[in-house]
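What follows is calculated from the coordinates using simple rules that are stated; it is not laboratory data. All values derive from a computational prediction rather than experimental measurement. Backbone-built Cβ (ideal geometry, glycine too); neighbour counts: all protein chains shown.
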Amino acid sequence: MPRMLDVSEDVRAEIGDEEADRLLAGENSPGSYDCTSCRTPGDSEQERTSTVLFVGEETAVLAFAHASCIPSQVVQVAEDQLQGAVRSITGSDGAQAPAGGEQAVLGVTSGLVLIEGDLHPALVVEPTAPIARPGTTGPDQFLQLLVEQGFQAVADLASVPPALPGWSVLLAMGQLHAVLQPGANGGGQVAWWQAHQPLQVTDGWRAEANKSNTVLVFAAPVGSIGQQPREDLLRDALDRAAAAGRLVAAAMPLAGT
């Protein structure tokens, strides 16, 4: 029987009318699947289902999601990210990322942060070493470089930081892949931070991110936060960094799932 599939115009344009029609007729689509967003089972014969096409430089992967989680769409993903997602590799909490135009090792921690009575999914970014301005060997300029990109200094965690236009957080196939920033000269988004391997997030974190479609990204210089084993300790470290003038933040939408 025909599947209850949604195929967006963008997805149809990528896969072609013939393949899209076969999907809609139920020829090439599974009845049951694991939602690429919430990772729980779905059934395209019983509930509305979105087709989500992940596209890399050389590889494209068609996935399925509950229509109530995300709409049918095309998600542009770096080739190595897509290969990693296909292999479902998990682990590493650090990554190479361009910071101010130079390579730096950034540690990324995920957690839920309570602000104004609500839990917010957050990422905390902290380099493993000082980051100088490109082309110099001067003092640590990590926070200043981010302020120049539009991040806001955080004096306390009493309110949600403002949105940063053009930036987003890529959560694909239920895992964290990258923080994206605007490309040069008005081009498409590029990775500001990119995971070596897709990072696991908790079910609670993913649920809040999908509900609000927003992730708070905090950043602090090396030695400000550290790897905190619990969310209450992470919050304490964020409060200390903010009070010391060593914290910037921005709110970013989810890109993809």
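Give me Glu47, Glu126, Glu14 sorted ascending by neighbouring Cβ count inside 10 Å, so fewest comes first.
Working: Glu47 11, Glu126 21, Glu14 15.
Placing the least packed residue first, the sequence is Glu47, Glu14, Glu126.
I want the antiparallel fraction of DSSP beta bridges within region 5-76, as a percent rounded to 5.
Values: 10 of 16 bridges.
In region 5-76, DSSP labels about 60 percent of beta bridges as antiparallel.
Mind giving me the FRET efficiency for Ala153 and Ser68? R0 is 35 Å, r the Cβ-Cβ distance, nearest 0.05 is fine. Before the final figure, lay out each step's value.
Values: r = 38 Å, r/R0 = 1.08.
Given R0 = 35 Å and the Cβ-Cβ separation, E is 0.40.
At a Förster radius of 51 Å, what calculated FRET efficiency corresponds to the Cβ-Cβ distance of Asp118 and Ala13, to the nearest 0.05? If you can, show how the numbers build up before the last one.
Details: r = 38 Å, r/R0 = 0.75.
The computed FRET efficiency comes out at 0.85.
Over region 5-76, what is the mean sequence separation of C-alpha contacts under 8 Å (at least six apart), divided by residue count, expressed as relative contact order in percent?
Values: 124 pairs, mean separation 24.7, N = 72.
Computed value for region 5-76: 34 percent relative contact order.
Using the Cα atoms of region 141-233, I'd like the radius of gyration and the largest Cα-Cα distance, Dmax, both in angstrom.
14.3, 41
Modelling each spin label as a point 7 Å along the Cα-to-Cβ direction, I'd like the Asp34/Ala60 distance in nm, to one decimal.
Taking the two extended label points, one gets 2.4 nm.
Quick one: if you stick a label point 7 Å off each Cα along the C-beta vector at Ala163 and Thr202, how many nm between them?
Modelled inter-label distance: 2.7 nm.
Per the Debye formula with a single identical scatterer at each Cα and no solvent contribution, what log10 I(q)/I(0) holds for region 5-76 at q = 0.16, 0.22 Å⁻¹?
Reported log10 I(q)/I(0), two decimals: -0.48, -0.92.
As a footprinting exposure proxy, order Cys69, Cys35 by other Cβ within 10 Å, with the fewest listed first.
Numbers: Cys69 19, Cys35 23.
The most exposed by this proxy come first: Cys69, Cys35.
Give me Ser110, Ser37 ranked fewest to most by other Cβ atoms within 10 Å of their Cβ, as a rough exposure proxy. Mind showing how you got there, number by number?
Numbers: Ser110 22, Ser37 26.
Starting with the residue having the fewest Cβ neighbours, the order is Ser110, Ser37.
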